[in-house]
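The values are calculated or read from the model by the stated rules, or taken from the named source; none is laboratory data. Bear in mind the structure is a predicted one, so any value in this text is a computation, not a measurement. So basically every Cβ, Gly included, is an ideal-geometry build from the backbone, and we count neighbours across all protein chains shown. Note: accessible area is taken over every heavy atom of the protein model, side chains too, but ligands, DNA and RNA are not part of it. Shrake-Rupley method; radii C 1.70, N 1.55, O 1.52, S 1.80 Å.
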Amino acid sequence: MRDVAVLGVGMHRFGKFPDKSVTELCRDAVVAALADAGVQWREIEAVAAASSRFSGGKGWGLNGNDVVEDMGSTGIPVYNMSAGCAAGGNAFNIGYALVAGGIYDVVLVVGGEKMPKGFIQTSGVEEETDPEFLRQRCVGMPGPAFWALLCRQRMEEFGTTEEQLAKVAVKAHQVAVHNEYARFRKEFTLEEVLGSALVSDPLRLYEICPVSDGAAAAVICSAEKARQLASRPVWVAGSAVATARFDDGLPRGLAGMVPPGKSYHSEAALAVSKALEQAGAAPEDLDFVELQDNTVYYELAFPEDWGLCKPGEAEHLLERGETLPTGKLPINPSGGFLSFGEATTAMGVFQVCELTWQLRGEAGARQVPGAKLGLGQTLGLGGNGTAVVLKR
Amino acid sequence: MATKRVPVVEGLFSEGADGARLTGSRCATCKTPYFPRSDLCHNPDCTQSAMEDARFGPQGTLWSCAVQNYPPPPPARYDEPYRPYALGVVDLADGLRVVGRMAVDDPKHVKVGARVELVLEPLCREEDGTELITWMFRPV
Ligand SMILES: [Zn+2]
């Protein structure tokens, strides 16, 4: 395997852009990534793109083909990766593998999305053989309710308070004020978060990420190419994809077995441990983490799942300010999904952008001081998990 | 005239003299329970898939609960005007962890760790008054 560098990254700001197509959002991100990399479109040898269910892609998830047609059809291969909300992370992993495996030298990874209004329907399938369909038809448990169930369980186990849940959101917005790409660049008080409507008790509106429009792109290349271009490359120390294990205890579909141990979101834990192993790093070596905070619950649960802290310790780290960019365990210095909103399939690439800026020391007022090693993580429907470890 | 009651989806549950049960399968080799029915054991460590019909319930413990405060998107069903309902994840005594609505009037009255039992209750009503039935859990 060859060393792989992230040569350049670019994003379109997240928000609601009714007058722009997903192709236009992607164009902005790609143009910015190419400029950042100092690479011409002609030099891109392949595209690894996140497949969207909601926008563009000719209804078939051919979102990479849209980008190539828009930028100029040079005849290059396009890999459209579908993995629910993990699609961007999945696309990065494929792009990485193609460069590391010596197939191509310069690859573009891109994810863009325009989301429909409101809370999304989990499954696109209306068949009585589809477990997601059955779960929604027979029970009525959309995504936020699923997160609320996990959150309530944690509150029972560790005594997590409603104030602590709200403080995760307060912290997210506190840092997002300094991120020009964030959708919400405004501080929220604890009272404002606690005063927002219950979406799925115990979770409130400001404790759940909304859906957004947005796009992100990254140009990755071989080490040889990176040295030629004399840029400031950030290196891919690890990139991994996983799926959920059979003994996972999450209530997916209608039912599973009562699990032998405590293992939830095994797809995320597996991907993270694989990426760390590739990087030759231990969890405590990480200087910061960008994780998928669809809701405040995950910012408390994931760090302990991955060995970044002890079970039940995340609430204390939060209270002491240790998850801020200047703390011991900075989590989501970008502002995270809570501040960006989820442009589902762009998120894995969005994280690569933030990791890169942080590792170059270009993150301004939200900079993690001296950041050398960072982790990004996404997960998606179907039990898809992805992780990436970047270093400088 | 008695109200017509039909399952919201066929083949998932039944009610006998012994009360409500979920209809699924269990692998005779590795004992893994499945709901809904499965033709194949999905346990990667199982040496020989040997699926048998199984009925699950009615006793269980509430692993967690939450409230659905807003009307859920399709394909969920509910009666107008919308009333928030409680959701539960229940560990049944026979080894199945299953999701379901809680059959309670006030969602706030549901507590994690509570003993619950399986019941069959209306999810919503059709225009002609027909009740669409699903499985739910009621604290005991
Ligand atoms: Zn078996």
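Close contacts from segment B:3-31, counting a first residue that is over 22 Å from B:Thr130 (Cα atoms) and more than 16 Å from the ligand (Cβ to nearest atom) and a second that is of a type in the set (Ser, Thr, Tyr) and part of a strand (DSSP E or B), with Cβ to Cβ under 6 Å and a gap of 6+ residues or different chains, come to B:Thr23/B:Ser14. When you check A:Ile103 against the structure, is it open to solvent by 40 Å² or more (accessible area, probe 1.4 Å), of a type in the set (A, V, I, L, M, F, W, C), under 17 Å from A:Val219 (Cα atoms) and modelled with pLDDT of 95 or more, yes or no? Yes.
Mind checking which residues of segment B:42-69 are open to solvent by 40 Å² or more (accessible area, probe 1.4 Å) and either in a loop (DSSP other than H, G, I, E, B) or within 12 Å of the ligand (Cβ to nearest atom) (or both)?
From segment B:42-69, those open to solvent by 40 Å² or more (accessible area, probe 1.4 Å) are B:42, B:44-45, B:47-49, B:51-53, B:55, B:59, B:61, B:69; that's our starting set.
Passing the criteria: B:His42, B:Pro44, B:Asp45, B:Thr47, B:Gln48, B:Ser49, B:Met51, B:Glu52, B:Asn69.
Here A:Lys328 clears all of (1) of a type outside the set (Ser, Thr, Tyr); (2) open to solvent by 40 Å² or more (accessible area, probe 1.4 Å); (3) under 19 Å from A:Thr160 (Cα atoms) except the condition numbered (3). Can you find even one residue in segment B:32-39 that is over 21 Å from A:Arg135 (Cβ atoms) and more than 10 Å from the ligand (Cβ to nearest atom)? No, segment B:32-39 has no match at all. The set of residues in segment A:45-67 being aliphatic (A, V, I, L, M) and surrounded by fewer than 23 Cβ atoms within 10 Å (Cβ to Cβ) consists of A:Ala46, A:Leu62. Checked against (1) surrounded by fewer than 22 Cβ atoms within 10 Å (Cβ to Cβ); (2) more than 8 Å from every other protein chain (Cβ to nearest Cβ), A:Ala169 passes all but a single condition, namely (1). Restrict the check to segment A:260-276 and report whether at least one residue is touching a His at 6+ places or on another chain (Cβ under 8 Å), away from chain B (no Cβ under 11 Å) and at negative phi. No, because not a single residue in segment A:260-276 is touching a His at 6+ places or on another chain (Cβ under 8 Å), away from chain B (no Cβ under 11 Å) and at negative phi.
Kindly indicate whether any position in segment A:114-130 is open to solvent by less than 40 Å² (accessible area, probe 1.4 Å) and among the hydrophobic types (A, V, I, L, M, F, W, C). The answer is yes, given that some residue of segment A:114-130 is open to solvent by less than 40 Å² (accessible area, probe 1.4 Å) and among the hydrophobic types (A, V, I, L, M, F, W, C). Flag not set for B:Val112, criterion: in a loop (DSSP other than H, G, I, E, B), more than 8 Å from every other protein chain (Cβ to nearest Cβ), surrounded by 14 or more Cβ atoms within 10 Å (Cβ to Cβ) and more than 16 Å from the ligand (Cβ to nearest atom).
Filtering segment A:145-159 to residues that are more than 7 Å from chain B (Cβ to nearest Cβ), open to solvent by 10 Å² or more (accessible area, probe 1.4 Å) and either at pLDDT below 95 or in contact with a Pro (Cβ under 9 Å, 6 or more places away or on another chain) (or both) leaves A:Phe146, A:Met155, A:Glu157, A:Phe158.
Of the set (1) within 16 Å of the ligand (Cβ to nearest atom); (2) free of Cβ contacts under 8 Å to residues at least 24 places away in the same chain, all apply to B:Pro72 but (1).
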